[in-house]
Amino acid sequence: MKTILVGYDETEPAKRALARAAELAAAFEAKVIVTSVAQVLAGAVAARGVGPIDPVDTPELHREELRHAAAFLGERGIEAEYTVALGDPAKVILDLAESRNADLIVVGTREAGLLERLLDPSVSGAVGRKAHCDVLVVH
């Protein structure tokens with residue numbers, strides 16, 4: 001295992017995923033890439049003049065999340081690359097994993113109810129279904 005990609009958003013599940021990725025990176029001396037993705041607004045909302053970026057989910061917020069991730073990994077002696085991106089989180093994670101030849105994607109998940117899973121599919125589920133490399137979903 002040479003490259004581990006972590007999807008990070010500073011939620012508790014993402015923090016657990018980052019911790020697990022740190023353990024694996026140390027064990028395998030793997031390169032770590034951590035990404036945090038600011039979602040773009042859907043077409044109808046963006047067309048009303050709000051703009052394509054959600055004002056409460058800005059790239060600056062994601063840069064701050066990555067600074068916290070860097071501090072966490074730094075305390076454990078893990079060097080990493082950090083990437084803020086815009087778009088659909090699952091698609092961005094999958095595209096980044098493909099372009100960087102990741103051997104493993106690590107994402108967290110929360111336990112959503114049935115209705116929530118039907119109405120709002122999870123990033124971890126989409127990544128797990130579509131990835132061309134191994135995926136570790138940390139519960």
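Could you run the Karplus curve 6.51 cos²θ - 1.76 cosθ + 1.60 with θ = phi - 60° over the stretch 17-32 and give me ³J(HN,Hα) per residue in whole Hz, x for Gly and Pro?
5, 5, 5, 5, 4, 5, 4, 5, 4, 5, 5, 9, 6, 8, 6, 10
Would you please give the FRET efficiency between E64 and R100, computed as 1/(1 + (r/R0)^6) with r the Cβ-Cβ distance and R0 = 25 Å, to the nearest 0.05? Write out the running numbers ahead of the final one.
Details: r = 23 Å, r/R0 = 0.92.
In this case the efficiency is close to 0.65.
Using the beta-carbon distance between E81 and K130 and R0 = 22 Å, what value does 1/(1 + (r/R0)^6) give for FRET efficiency, to the nearest 0.05? Walk me through the intermediate numbers first.
Values: r = 22 Å, r/R0 = 1.02.
It comes to 0.45.
Please list the non-local residues whose amide H lies under 5 Å from the amide H of K31, H modeled 1.01 Å from N, same-chain partners needing a gap of 5 or more.
Counting only residues 5 or more places away or on other chains, the set is T3, I4.
Here, each number is a calculation from the coordinates, and none is a lab measurement. Every value quoted in this text rests on a predicted model; they were computed, and no experiment measured them. With ideal geometry, Cβ positions are generated from the backbone for all residues, glycine too; neighbour counts draw on all protein chains shown.
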